[in-house]
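The values are calculated or read from the model by the stated rules, or taken from the named source; none is laboratory data. In this text, all values refer to a predicted model and were calculated from it rather than measured experimentally. Positions of Cβ are backbone-derived with ideal geometry, glycine not excepted, and every protein chain shown enters the neighbour counts.
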Amino acid sequence: MAKGKKDEVEDEFSAKLDMCLTDGIIKTGSGVLLGALTSVLFLKRRRWPVIAGMGIGIGLAYANCEYELNPKKKNTA
């Protein structure tokens, strides 16, 4: 019985990590794309908007993943 419960917990954790990885790829790629678009259209092909967009995407993905893996408990006092 204990083995089944352990496998269930591992599967849930694995699914959460997969979701975090997918979210990170999507958000980082979107940040790079928006940064490149901004750079090409408005800033004469500078590099910093691409780097900033990538950083924002990674930061958002990290925050979402941290919340998903360690949800905070609400105080109902």
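General observations
- For first residues located in region 27-52 and free of Cβ contacts under 8 Å to residues at least 12 places away in the same chain, partners that are among the aliphatic types (A, V, I, L, M) and lie 6+ apart or on another chain with Cβ distances below 8 Å form the pairs 39/50.
- Residue match in region 20-29 (condition: in a helix (DSSP H, G or I) and of a type in the set (D, E, K, R)): yes
- The residue of region 3-33 that is surrounded by the fewest Cβ atoms within 10 Å (Cβ to Cβ), among those that are basic (Lys, Arg) and more than 30 Å from residue 47 (Cα to Cα), is 3.
- Failed condition for residue 58, given (1) among the aliphatic types (A, V, I, L, M); (2) loosely packed, with under 14 Cβ neighbours inside 10 Å; (3) under 30 Å from residue 12 (Cβ atoms): (2)
- Among the residues examined, residue 44 qualifies as modelled with pLDDT under 95 and not in a helix (DSSP H, G or I).
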